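The values are calculated or read from the model by the stated rules, or taken from the named source; none is laboratory data. This one's a predicted model, so the numbers in the text were calculated from it and none came from an experiment. Virtual Cβ from ideal backbone geometry, glycine too; neighbours counted across all protein chains shown.
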Amino acid sequence: MSYLKMKNITKKVGNFTALSDINFELKEGEFLCLLGPSGCGKTTLLRIIAGLEEPDSGKVFLNGNDITNLHPSSRNFGIVFQSYALFPNMTAYENIAFGLKNKKNGKVDIKARIGSLLSLVNLTHVKSKYPSQLSGGEQQRVALARALALDPGFLLLDEPLSALDAKVRNRLRREIRETQEKLNITTIMVTHDQEEALTMADRIVVMNEGRIMQIDTPQAIYEFPANPFVADFIGDINFIEKDSTINAIRPENINIGKNGGIEAVLRHKEFRGAFYRLTLCLKENNQMVKVDIPSSGRLNLPDNEGKIFLELPTEKLINYKDQEHSYINKCSS
């Protein structure tokens with residue numbers, strides 16, 4: 001039996017449909033990411049799971065029990081908001097202790113619990129500091145420890161890393177995932193960052209305009225996107241139109257041929273550390289194609305405007321029939 005389940009969740013705001021017939025479920029201990037562009041409905045869905053908003057129709061189940069109309073305080077979850085929402089007049093220790101004190105836990109138990117949590121998130125050295133004295137990453141970890149203090153049944157994360165710089169974000173996403181795995185706590189995280197979802201999630205729910213586009217593992221979504229939107233949103237990809245069919249292929253899966261193949265002209269070469277990103281124009285139809293090649297290789301490439309032949313491995317092509325052609329990029333003349 002699933003641990004958390006959404007069944008036919010629909011939510012309207014005036015004439016706008018924020019969520020349309022949302023269905024998915026989680027196993028206990030699973031880490032699920034709700035991924036999509038701004039305004040796709042992912043935060044609204046998280047708030048419905050938390051009980052902070054009500055759906056117009058549909059139900060939320062926890063351990064087989066209908067909790068759709070249950071008050072947030074009775075749902076046994078922890079939540080970390082994008083802004084962290086720490087109490088500025090309380091130390092890190094006091095912020096984490098807040099919920100425990102409200103539950104009338106004893107002082108000895110509270111001290112032991114907070115000590116354990118501070119150790120878990122590597123913050124024992126800042127327990128007496130106020131939020132204004134902490135870095136963004138430290139504030140995020142205090143907020144996480146506070147969310148975990150009452151030993152919740154599941155954890156909700158609303159873009160918890162979006163306010164941090166890239167280096168801190170990369171470190172903390174590993175720490176969050178390690179903490180989640182240690183505790184085996186069922187977790188749903190909202191993000192618009194594809195890399196965050198790919199590296200952290202057991203499964204990803206890709207959303208757009210209030211609908212689910214695809215649910216699968218990160219690898220399956222990357223390698224077998226269900227439609228052009230998912231293919232375009234997750235990672236870089238090329239859309240090449242041939243015989244009224246859109247063929248999609250990742251830049252790293254295109255090969256440079258010595259002779260023969262599809263003729264293209266090199267327009268731009270960009271060094272990206274581990275690889276070069278080539279931008280080319282297909283001679284046949286002037287469509288733009290991106291190709292990634294390892295920077296460690298000794299492949300001799302022509303200067304800009306030089307001729308190159310491309311090979312598209314058939315096993316790496318993803319075919320989309322009867323799809324809109326707005327994903328096709330043409331080269332500027």
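Just a few scattered comments:
- Extreme residue, surrounded by the most Cβ atoms within 10 Å (Cβ to Cβ), among residues of segment 271-297 that are aliphatic (A, V, I, L, M) and part of a strand (DSSP E or B): 280
- The test for being assigned by TED's automatic domain parsing to the domain that holds residue 24 and not in a helix (DSSP H, G or I) holds for residue 204.
- Neighbours by Cβ (under 8 Å, 6+ apart or cross-chain): first from segment 148-171, basic (Lys, Arg); second not in a helix (DSSP H, G or I): 169/161
- Residue 53 being among the acidic types (Asp, Glu) and without any contact (Cβ under 8 Å) to a residue 40 or more places away in the chain: no
- Residue tally, condition over 18 Å from the mean Cα position of the chain (by Cα) and surrounded by 17 or more Cβ atoms within 10 Å (Cβ to Cβ), over segment 23-52: 3
- Options 88, 160; residue that is assigned to a loop (DSSP other than H, G, I, E, B) and crowded, with 21+ Cβ neighbours inside 10 Å: 160
- Yes/no for residue 119 being surrounded by fewer than 17 Cβ atoms within 10 Å (Cβ to Cβ), small (Gly, Ala, Ser) and at pLDDT 95 or above: no
- Given (1) over 30 Å from residue 182 (Cβ atoms); (2) touching a helix residue (DSSP H, G or I) at 6+ places or on another chain (Cβ under 7 Å); (3) outside any strand (DSSP E or B), number of the condition residue 9 does not satisfy: (3)
- Tabulated pairs, segment 1-16, first within 14 Å of residue 47 (Cβ to Cβ), second acidic (Asp, Glu) and assigned to a strand (DSSP E or B), C-beta under 9 angstrom, 6+ apart or interchain: 6/25; 9/21
- Any chance residue 180 is assigned by TED's automatic domain parsing to the domain that holds residue 83 and modelled with pLDDT of 95 or more: yes
- For segment 239-270, filtered to residues that are more than 24 Å from residue 207 (Cβ to Cβ) and in contact with a helix residue (DSSP H, G or I) (Cβ under 7 Å, 6 or more places away or on another chain), the residue that is surrounded by the most Cβ atoms within 10 Å (Cβ to Cβ) is 249.
- Residue in segment 192-199 that is outside any helix (DSSP H, G or I), at pLDDT below 95 and either in the same structural domain as residue 41 (by TED's automatic domain parsing) or surrounded by fewer than 20 Cβ atoms within 10 Å (Cβ to Cβ) (or both) present: yes
- Residues in segment 55-85 that are part of a loop (DSSP other than H, G, I, E, B) and of a type in the set (Phe, Trp, Tyr) were compared, and the one that is modelled with the highest pLDDT is 81.
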